[in-house]
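Undergrad: Questions regarding the structure given below will be posed in turn.
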Amino acid sequence: MKNEVSTIMSTMQAIIATQAGGPDVLTQVERPVPVPGPGEVLIEVAAAGVNRPDLMQRSGAVSLPAGVTDVFGLEVAGWVVDGEAALRGQAVMALVKGGGYARYCIAKASHCLAVPEGLTMEQAAALPEALFTVWHNLFERGRLSKGETVLVHGGASGIGTIAIRMAIARGATAIATVGSDAKKKAVETLGAIAINYRTDDFVVAARDATSGRGVDVVLDIVGGSYVTRNLDALAPGGRHVSLSFMEGGVVPIDLGLVMRKGLYLTSSTLRPKSDEEKTAIAAALRAEVLPLVGSGVVRPLIWRQLPLGDAAQAHRILEANENIGKVLLLPAGAAA
């Protein structure tokens, strides 16, 4: 907690896109500091996470939801400087609808999580999107349980590294696909069984790692041709959870295989969820996951920390799949 709440500026620097396109369409502009409404807080942003949905918004692949700011950014960490009195001065990390690439950001009070002692603000900013996504998809929808095995695609990403750590922390085995030997070494350090998909067939490797049975859950970000292979890799009663579809969202499904194995296919995305749904996920995180974060069992990997004005470079890093862990943006002047 800050000793006192900072003086709030009247304007701030923020990142928007001038049009749909590549990273160069991102630009830094001056905007009025937003004013929190009922049930909201104003956060002085110490750091903001960069996520693939940001890239999809910038490219025009997804439309900005109605009523949401055009300022980029879906997760932040910082200090509450206005809004709900009970949170004033507190250090929080928050999932937000938009606005994170800025000095100040509005968040729903019920979507804020207290920053555990011992966690830096940068580490905190790397967590909300991953914690909300992984908990809801892997544990609520995918029902991953102690003693089961999950196959995580994109194991070196911000989402992937947290999925690995949360799965292992809750008694499951994690297998992860990666695209280089450096990433393979990194996820093995996290405790996962790593598969370099460029050199090895992940279906064969997953079966070998499970004595031929297959995995209980697949957490997929690729879609396209991966879906059929994922279904092959699943054990009877397995659950296929789609987070994204980088290779395409319309795919053929062998319903005979689904029926014979008794498989489940499910998916979700966070941004369109109602405030009530996100509040429920936040409550589950406080009970089930924040203790793991506070103890150090679940911690993010941070790849790069860049100034807010370098948002285009941050997007290039994610598009090139260079990162092992999270890329962050740091607004200038945020008080410690």
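The values are calculated or read from the model by the stated rules, or taken from the named source; none is laboratory data. A quick note: this is a predicted structure, and the numbers were derived from the prediction, not measured. Backbone-built Cβ (ideal geometry, glycine too); neighbour counts: all protein chains shown. Only protein heavy atoms, including side chains, enter the accessible area calculation; ligands, DNA and RNA are left aside. Shrake-Rupley method; radii C 1.70, N 1.55, O 1.52, S 1.80 Å.
Undergrad: So, in nm, how far is label SER145 from label GLU117 when the simple model puts each one 7 Å beyond its Cα toward the Cβ?
TA: Calculated label separation equals 3.6 nm.
Undergrad: Here is a further query. Could you work out how far helix 275-288 tilts from the main Cα principal axis of the chain, as a 0 to 90 degree angle to the nearest 10?
TA: 70
Undergrad: Expressed as a whole percentage, what fraction of the accessible surface of the chain belongs to carbon and sulfur atoms when a 1.4 Å probe is rolled over the protein heavy atoms?
TA: 52
Undergrad: Separate question: How big is Rg to Rh over region 1-153, alpha-carbon atoms, Rh as the Kirkwood inverse-mean-distance radius?
TA: 1.00
Undergrad: What translational D, rounded to a whole number of µm²/s, comes out for the chain from Stokes-Einstein when the hydrodynamic radius is the Kirkwood one over Cα pairs, at 37 °C and 0.692 mPa s?
TA: In µm²/s, the coefficient is 162.
Undergrad: Sorted from largest down, what three extents in whole angstroms do the Cα atoms of region 165-272 have along their principal axes?
TA: Extents along the principal axes, in whole Å: 37, 35, 30.
Undergrad: If you count only protein heavy atoms and use a 1.4 Å probe, how large is the accessible surface of ILE43, to the nearest 10 Å²?
TA: Surface accessible to solvent at ILE43 totals approximately 0 Å².
Undergrad: By its C-alpha gyration tensor, with a ≥ b ≥ c as the square roots of the eigenvalues, how is region 169-229 shaped: rounded for a/c under 1.5, else prolate for a/b larger than b/c, else oblate?
TA: rounded
Undergrad: Per-residue counts of other Cβ atoms within 10 Å, averaged by peptide: what ranking do you get for 67-74, 45-52, highest first?
TA: My ranking of the peptides, most packed first, is 45-52, 67-74.
Undergrad: On to the next question. Return a whole-number percent for the relative contact order of region 69-181, with Cα pairs under 8 Å and 6 or more residues apart as the contact set.
TA: Contact order relative to length: 20 percent.
Undergrad: Counting only heavy atoms of the protein chains, get the accessible area per residue of region 231-336 (1.4 Å probe) and round it to a whole Å² value.
TA: 48
Undergrad: In cubic angstrom, how much convex hull volume per residue do the alpha carbon atoms of region 100-226 span?
TA: Normalising the Cα hull of region 100-226 by residue number yields 145 Å³.
Undergrad: Under the definition of Cα pairs under 8 Å and six or more residues apart, what whole-number percent is the relative contact order of the chain?
TA: Taking the mean separation of contacting Cα pairs over the length of the chain, I get 18 percent.
Undergrad: Taking the chain as a Gaussian network, Cα atoms linked when under 10 Å apart, which of MET12, MET121, MET166 shows the biggest mean-square fluctuation?
TA: Looking only at MET12, MET121, MET166, the largest GNM fluctuation is found for MET12.
Undergrad: Here is a further query. Would you look at the GNM of the chain, springs on alpha carbons closer than 10 Å, and say which of ALA235, ALA182, ALA107 moves the most?
TA: It is ALA182.
Undergrad: For THR189 and ALA283, compute 0.36 nm times the residue count separating them, minus their Cα-Cα distance, and round to one decimal in nm.
TA: 30.8 nm
Undergrad: Now a separate question. Listed here are the pairs LYS97/LYS185; LYS108/LYS261; LYS146/LYS185; LYS97/LYS261; which of them are more than 32 Å apart at the Cα?
TA: LYS97/LYS185; LYS108/LYS261; LYS97/LYS261
Undergrad: Does region 29-76 come out rounded, prolate or oblate, given a ≥ b ≥ c as the square roots of the eigenvalues of its C-alpha gyration tensor, rounded meaning a/c under 1.5 and, failing that, prolate meaning a/b above b/c?
TA: Prolate is the answer for region 29-76, as a/c is 1.5 or above and a/b outweighs b/c.
Undergrad: Students sometimes get this wrong: rank ASP200, ASP208 by accessible area, probe 1.4 Å, all chains present, largest first.
TA: ASP208, ASP200
Undergrad: Can I ask one more? If you rank LYS273, LYS97, LYS185, LYS278 by how much accessible surface each has, with a 1.4 Å probe, what is the order from largest down?
TA: These residues rank, largest area first, as LYS185, LYS97, LYS273, LYS278.
Undergrad: For region 194-255, take every pair of Cα atoms, bin their distances at 10 Å starting from 0, and report each bin as a whole percent.
TA: 23, 56, 21, 0
Undergrad: Which sequence of THR199, THR120, THR177 reflects their accessible areas, 1.4 Å probe, from the largest down?
TA: If we order THR199, THR120, THR177 from most to least accessible, we get THR199, THR120, THR177.
Undergrad: Return the distance in nm (one decimal) between the two label points of a simple spin-label model at SER10 and ASP181, each offset 7 Å from Cα along Cα→Cβ.
TA: Inter-label distance under the simple model: 6.0 nm.
Undergrad: To the nearest 10 Å², what's ILE164's accessible area with a 1.4 Å probe?
TA: Ignoring ligands and nucleic acids, ILE164 comes out at about 0 Å².
Undergrad: Ignoring everything except DSSP H segments at least 4 long, calculate the 222 nm mean residue ellipticity for the chain; use -39,500 (n - 2.57) per segment, divide by total residues, nearest 500.
TA: -7500 deg cm²/dmol
Undergrad: What's the longest bit of the chain with no exposed GluC sites (Glu not before Pro), using DSSP loop states and at most 15 other Cβ atoms within 10 Å as the test?
TA: 118-246
Undergrad: Right, another one. Residues of region 84-148: accessible area per residue at 1.4 Å, in Å²?
TA: Using a 1.4 Å probe on heavy atoms only, each residue of region 84-148 averages 32 Å².
Undergrad: Ok, one more. So if I take the alpha carbon set of region 95-163, get Rg, then get Rh from the Kirkwood formula, what is the Rg over Rh ratio?
TA: That ratio equals 1.01.
Undergrad: So how many Å³ per residue does the convex hull of the Cα atoms of region 238-306 work out to?
TA: 196
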